[in-house]
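Derivation of every value follows stated rules applied to the coordinates shown; laboratory data play no part. Computed from a predicted model, the values in this text were never measured in an experiment. For neighbour counting, all protein chains shown are included, and Cβ atoms are generated from backbone atoms with ideal geometry for every residue, glycine included.
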Amino acid sequence: MKIGIIGVGNVGCACAMAAAIRGSAREIVLVNRTRKTAQAVATDIRYGIPLGRKVAIADGDYDDLAGAGVVLITSGVNEKTGGATDRNDPQGRLKLLDKNAEIYRQIVPKIVKVAPRAVLVVVTDPPDPLADAAREIAPESAVMSMGTYLDSQRFRVHLGKHFGVDPAHVEAQVIGDHGTSQVFLWSSARVGGVALSALLRERSERLPELRKSLERDVRYANITIIEGHEASQYGIGIVSARVAEMVLTDERAVIPIGSFQKNFGVTLSLPSVVGRTGVAEVLVPEMSDEERSSLEKSAAMLRSALDRVR
């Protein structure tokens, strides 16, 4: 089982570290524009490998991706460099699309030439329209966007903190766009199987107050992290490694992740069955009228952004 990681900036390094520690694959290949950088990162991580699971990690060129089951693409301009850290800018990460789409046009053909059967996972921001760009460049390849998987984890963590429980026992999802128009599924959120509305009623709390503060914390979590640490990288590294595992082991796990949705005409996130071929099935959740309308608006925003770079 082999994972390819394209780009070893902050996010690429975090993906590599998480995959190595978790033992996500027996082989990890790092490809970077400057190979010396990939070599340094691979060497650094390799020194700690004897303390964990058996993993071979090495730098390489595109030819070394041959046989990879999944390729995580992290190359591109990040949020801080691209000026996408203004909470008042409705474009958010979409500001990075033009520059990063051009980068994808250069690297995606090189990947599919040597690894045509690999599932391509777009990690670079904004991942949803970039997944559409990659799909148009390589129409025969399975392409996924990391989408709202990390946003959903953030939603669970913040709800767990509010209710004083382990977030692993919180059921909550974010769907739509990995960006400012993402949709929080409050109507189906549960803690230990108990609806949030019932828990809030018991605590004499109101949903509108919780919703306003928590959505802001989750929606702009990346900016808050960047303000304190220059880059938002570790969370996305961990969830990317987890997705790679789902693909390589044909796990058929159900997570909110991005794939092309014909009904909406763009890639966006919905609960999906993930396995060897990428997204094997999409499960459409029950939604309130407000959530359904918000999902339509999220799709419209993505369509508009994608039209800009076509």
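Using +1 at the C-beta of Lys and Arg and -1 at the C-beta of Asp and Glu, which of Ser232, Ala38, Leu295 has the Cα lying farthest in the positive direction of the dipole of the chain?
Ala38
Where does the Debye-calculated log10 I(q)/I(0) of the chain sit at q = 0.08 Å⁻¹, using only Cα point scatterers of equal weight, no solvent?
-0.34
In debye, nearest 20: dipole of the stretch 180-307 around its Cα centre with unit charges on the Cβ of K, R (+) and D, E (-)?
140 debye
If every alpha-carbon in the stretch 121-274 counts as one equal scatterer, what log10 I(q)/I(0) does Debye give at q = 0.17 1/Å?
-1.02
Positive end of the charge dipole of the stretch 53-127 (Lys, Arg +1 and Asp, Glu -1 on Cβ, about the Cα centre): tell me which of Val108, Ala118, Tyr62 has its Cα farthest that way.
In the stretch 53-127, that residue is Ala118.
Out of the trypsin sites (Lys or Arg not before Pro) in the stretch 61-109, which ones are loop residues according to DSSP with at most 15 other C-beta atoms within 10 Å?
Passing sites in the stretch 61-109 are Arg87.
With both partners inside the chain, how many of the DSSP beta bridges are antiparallel, as a percent to the nearest 5?
Of the beta bridges lying entirely in the chain, close to 50 percent run antiparallel.
Roughly how compact is the stretch 153-195, stated as its Cα Rg over 2.2 N^0.38 Å to two decimals?
Working it through for the stretch 153-195, the quotient is 1.13.
Can you give me the three principal axis dimensions of the stretch 28-109 from its C-alpha atoms, in Å, biggest first?
Its Cα atoms span 47, 30, 24 Å along the three principal axes.
Would you compute the Debye intensity of the stretch 2-145 from its alpha-carbon atoms alone, equal scatterers and no solvent, and pass along log10 I(q)/I(0) at q = 0.20 Å⁻¹ to two decimals?
Log-scaled intensity ratios, in q order: -1.16.
Any idea what the relative contact order of the chain is, in percent, if you count C-alpha pairs under 8 Å spaced at least 6 apart?
19 percent
Based on the alpha-carbon set only, what is the convex hull volume of the stretch 230-303 divided per residue, in Å³?
Hull volume over Cα atoms, normalised by residue count, gives 115 Å³.
Can you give the charge dipole size of the stretch 2-145 about its Cα centre, rounded to the nearest 20 debye, using +1 on the beta carbon of Lys and Arg and -1 on the beta carbon of Asp and Glu?
Here the size comes out at about 460 debye.
Which value, in debye to the nearest 20, describes the size of the charge dipole of the chain about its Cα centre when Lys and Arg Cβ atoms bear +1, Asp and Glu Cβ atoms bear -1, and nothing else is charged?
The dipole of the chain has a size of about 440 debye.
Among residues other than His169 whose Cβ falls under 11 Å from its Cβ, what is the net charge (Lys/Arg +1, Asp/Glu -1)?
Net of charged neighbours comes to 0.
Glu290: net charge of surrounding residues, Cβ under 14 Å, Lys/Arg +1, Asp/Glu -1, itself excluded?
Once positives and negatives cancel, what remains is -2.
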